[in-house]
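Input: a single structure, listed below in structure tokens.
The values are calculated or read from the model by the stated rules, or taken from the named source; none is laboratory data. None of the values given here were measured: they were computed from a predicted structure. Each accessible area value is taken on the protein alone, full model and side chains, heavy atoms only, with ligands, DNA and RNA left out. Shrake-Rupley method; radii C 1.70, N 1.55, O 1.52, S 1.80 Å.
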Amino acid sequence: MKAEFKWNAGAKEKWEGRFTRAQKFLDSEVLRTTSPYVPRRTGALEESGIRGTVPGTGEVVWNAPYADKQYKTLESRSYDPQRGGQWFERSKADHKDEWLRGTKKIAGDGSK
């Protein structure tokens with residue numbers, strides 16, 4: 001399972017080093033804030049997000065062999081109803097605004 005953010009064309013040149021720092025922040029924040037949504041039996045699926053992601057690339061990847069199947073399973077888990085399928089989409093619904101605020105702050109666009 002892979003989640004990807006794409007910047008607008010020309011943004012990298014405009015924002016130079018700030019872009020790299022902002023992208024690293026965003027990738028790391030997606031992992032951190034999405035962790036409580038990822039199904040957790042042994043922790044291997046959650047850890048696969050850390051192993052499969054290189055902060056700054058714009059790709060957050062949960063690379064466990066069963067990640068795709070788990071992602072497509074819509075029901076929540078009995079041990080923790082927040083954990084279950086579509087974890088990135090559900091995390092994005094809850095955290096998108098804070099991801100954007102933090103990313104903009106690091107990129108230095110003047111937004112609060």
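Rank 66, 37 by accessible area, highest first, at a 1.4 Å probe radius?
Values: 66 95, 37 15 Å².
Heavy-atom accessible area, descending, gives 66, 37.
At a 1.4 Å probe, what is the % contribution of carbon and sulfur to the accessible area of the chain? Please list the in-between numbers first.
Numbers: 3520 of 6950 Å².
In the chain, the share of accessible area belonging to carbon and sulfur is 51 percent.
Show the residues, 5+ positions off or on another chain, whose built amide H is closer than 5 Å to the amide H of residue 83.
Answer set, sorted by chain and number: 77.
So what is the accessible area of the chain per residue, in Å², with the probe set to 1.4 Å? Walk me through the intermediate numbers first.
Numbers: 6950 Å² over 112 residues.
Accessible surface, normalised per residue, equals 62 Å².
So which of 69/105; 2/105; 69/104 end up more than 29 Å apart by C-alpha? Please report the intermediate quantities before stating the final value.
Numbers: 69/105 36 Å; 2/105 25 Å; 69/104 34 Å.
Exceeds cut-off: 69/105; 69/104.
In µm²/s, what is D for the chain at 4 °C and 1.567 mPa s, where D = kT/(6 pi eta Rh) by Stokes-Einstein and Rh is the Kirkwood radius from Cα pairs?
Details: Rh = 14.6 Å.
For the chosen part, D equals 89 µm²/s.
Please list 3J(HN,Hα) in residue order for the range 75-86, calculated via the Karplus relation 6.51 cos²θ - 1.76 cosθ + 1.60 where θ = phi - 60°; whole Hz, with x for glycine and proline.
Residue by residue, the range 75-86 yields 6, 7, 9, 4, 6, 6, x, 6, 7, x, x, 6 Hz.
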